[in-house]
Amino acid sequence: MGRIELKGVRKAFGEVEVIPPLDLAIEDGEFCVFVGPSGCGKSTLLRLIAGLEDTSGGHIEIDGLDMTDTPPARRGLAMVFQSYALYPHMSVRKNIAFPMKMAGVDAAEQARRIEAAARALNLSDYLDRRPGQLSGGQRQRVAIGRAIVREPSAFLFDEPLSNLDAALRVGMRMEIGELHEQLSTTMIYVTHDQVEAMTMADRIVVLRAGRIEQVGTPLDLYRSPRNLFVAGFIGSPR
Ligand code: ADP
Ligand code: MG
């Protein structure tokens, strides 16, 4: 399960309202992309959902439960950032195992989940290496592996590919898409990259200055952009 509903969620930093009250429901199993220019509030919105940022108002429900004040570790979500934040002194296996160790998962179950994640991410041959001995793409896969083994009800990605070169980004997009098909877990994916949004999303949420300009499938947005901002951003022919 992984249905996420935002009800009148808002966020201000001091006097500045970065997210005016916003309503949005992300369905269980959906691949939902938040897209918009730099500074429009994508990361803030994701961090509110993750619980890494306190809301200034409104409610966040996950599978019908109010989690507005629930600490991040108890929301059942896993976040993948653009910076990999792997432990350099630990092997890939230990990096992936770390969140399970913290959660008190027993050793046999840890081994099972590591095997499964490594298989899904093509990391089986690299489990005994250190992060420094991996390519950028492999390091990003380890970061995703660390999210997978927590068996979250949703994955939250914040521009996970922005540190990778263009060719690698294309491959990783496909891998994340395939992972979504395999796991059919809810994924919220933040990007400022229109191509990424249009190729990966079941549904796109276009943000401008913390407001939702339009929500729809890539085809909806391409065929019927609501305004020039959406048209321009999505690159539709209007
Ligand atoms: P995006 O991820 O779309 O680039 P962000 O969510 O990072 O945008 O930022 C949205 C706005 O909120 C920006 O104007 C940014 O400067 C501001 N902002 C983000 N985090 C903070 C913070 N901790 N304190 C003050 N302002 C912030
Ligand atoms: Mg951001």
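Summary of values
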| item | result |
| --- | --- |
| The chain: antiparallel DSSP beta bridges as a percent of all, rounded to 5 | 50 percent |
| Relative packing of 190-201, 213-224, 102-113, which averages over residues the other C-beta atoms within 10 Å, highest first | 190-201, 213-224, 102-113 |
| Rounded FRET efficiency, nearest 0.05, which uses the C-beta distance separating Ala107 from Ser56 and R0 of 41 Å | 0.45 |
| Restricting region 1-83 to GluC sites (Glu not before Pro) in coil, as DSSP defines it, with at most 16 other Cβ within 10 Å | Glu15, Glu27 |
| Pairwise centroid distance, computed over Cα atoms, of region 124-180 with region 31-95, Å | 16 Å |
| Cα gyration tensor category, rounded, prolate or oblate, for region 119-162 with a/c compared to 1.5 | oblate |
| 5 angstrom amide H check on Gly57, placed H, neighbours 5+ away | Arg10 |
| Cα-projected label distance for Phe81 with Asp23, points at 7 Å along beta-carbon direction, nm | 3.4 nm |
| Three-way shape label, region 111-190, alpha-carbon gyration tensor, a/c 1.5 | oblate |
| Residue-span extension gain [Ser184 to Ser135] - 0.36 nm each, minus C-alpha spacing | 14.9 nm |
| Within-13-Å neighbourhood charge of Ala97 [Cβ basis; K, R +1; D, E -1] | +3 |
| Theoretical gain in end-to-end length, Leu168 to Asp202 [0.36 nm per residue, Cα-Cα removed] | 10.0 nm |
| Cα shape, region 1-74, gyration tensor, a/c 1.5 rule | oblate |
| Amide H within-cut-off set for Leu207, under 5 Å, with H built and near neighbours excluded | Val35, Gly36, Glu213 |
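Every number here is computed from the coordinates shown, using simple stated rules; none is lab data. In this text the structure is predicted, and so the values were computed from the model without any measurement. As a convention, Cβ positions derive from the backbone with ideal geometry for all residues, glycine included, and neighbour counts pool all protein chains shown.
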